[in-house]
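Below is one structure, written out as structure tokens, with a few remarks after it.
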Amino acid sequence: MKESYITFFRRFWIVLIIGFIVYNFIYPETFSRENIAENIQAFGNYGLAIFFFCHLIRGFVMLPSTALIFAGVFLFPDDLFLVLLLSVIGIVISSMIVYYFSDKLGFAKLFDKNTKTTNLVKEKLSGKYGPLFIIFWAFFPFVPTDLICYTAGAMKINPIVFAISIFIGELILCSVYVYGSAYFI
């Protein structure tokens, strides 16, 4: 009974992620900075809470946080530090949720195979410089942070080391996004 529940949940999650990715390709304007800002603005005084909530759930659908951060800068130009704080905390919490769910979704089975690629990833994440690898992955803007979350969770990397590494990488990247985009906006 429990196995069928996990299988259903795994399939549902994969369909949900694929659905969001396809939707994003068909209707890219939906997740544009302007549209996100407009939707958050509709909640008035609850805008910051909705902004934070969006950061929490975006990891479930592998939606990049970049547009959300830019929307936050656009909406709250007088509260840049708060935008940074809410973004980083939201990303770390979302990353930890993804980290813990990755094993339940069967991602650990991917690393049971003894291939050259999986061995390289295991070596990089479990090695002496594993935290630096995670920091640079989180900081590098052209790769999805959620991918390293699924991978680290499946490999059972120390959750505290993982959370601190994600925090450092995302703090650097989000600082550049928030204060860099504020300069241009």
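General remarks:
- For the range 69-85, a residue qualifies if it is assigned to a helix (DSSP H, G or I), without any contact (Cβ under 8 Å) to a residue 60 or more places away in the chain and open to solvent by 10 Å² or more (accessible area, probe 1.4 Å), and the qualifying residues are 75, 81, 82, 85.
- Among the residues of this structure, residue 145 does not count as one that is in contact with a helix residue (DSSP H, G or I) (Cβ under 6 Å, 6 or more places away or on another chain), hydroxyl-bearing (Ser, Thr, Tyr) and modelled with pLDDT under 80.
- Qualifying residue in the range 153-170 (condition: open to solvent by 10 Å² or more (accessible area, probe 1.4 Å), touching a residue at least 24 places away in the same chain (Cβ under 8 Å), in contact with a Phe, Trp or Tyr (Cβ under 9 Å, 6 or more places away or on another chain) and under 30 Å from residue 34 (Cα atoms)): yes
- Only one of 92, 88 that is open to solvent by less than 10 Å² (accessible area, probe 1.4 Å), over 21 Å from residue 30 (Cα atoms) and either free of Cβ contacts under 8 Å to residues at least 12 places away in the same chain or of a type in the set (A, V, I, L, M) (or both): 88
- Top-ranked residue of the range 36-67 - restricted to ones that are of a type in the set (A, V, I, L, M), touching a residue at least 24 places away in the same chain (Cβ under 8 Å) and assigned to a loop (DSSP other than H, G, I, E, B), ranked as nearest to residue 149 (Cα to Cα): 62
- Some residue of the range 104-124 being at pLDDT 85 or above, part of a helix (DSSP H, G or I), open to solvent by 70 Å² or more (accessible area, probe 1.4 Å) and not charged (D, E, K, R): no
- The C-beta contact set for the range 122-133 (first residue of a type in the set (D, E, K, R), second residue open to solvent by less than 90 Å² (accessible area, probe 1.4 Å), distance under 7 angstrom, 6+ apart or interchain) comprises 122/111; 122/155; 124/130; 124/133.
The values are calculated or read from the model by the stated rules, or taken from the named source; none is laboratory data. What you see is a predicted model; the values in this text were computed from it and never measured. Glycine also receives a Cβ, built like all others from the backbone with ideal geometry; neighbour counts cover every protein chain displayed. Note: accessible area is taken over every heavy atom of the protein model, side chains too, but ligands, DNA and RNA are not part of it. Shrake-Rupley method; radii C 1.70, N 1.55, O 1.52, S 1.80 Å.
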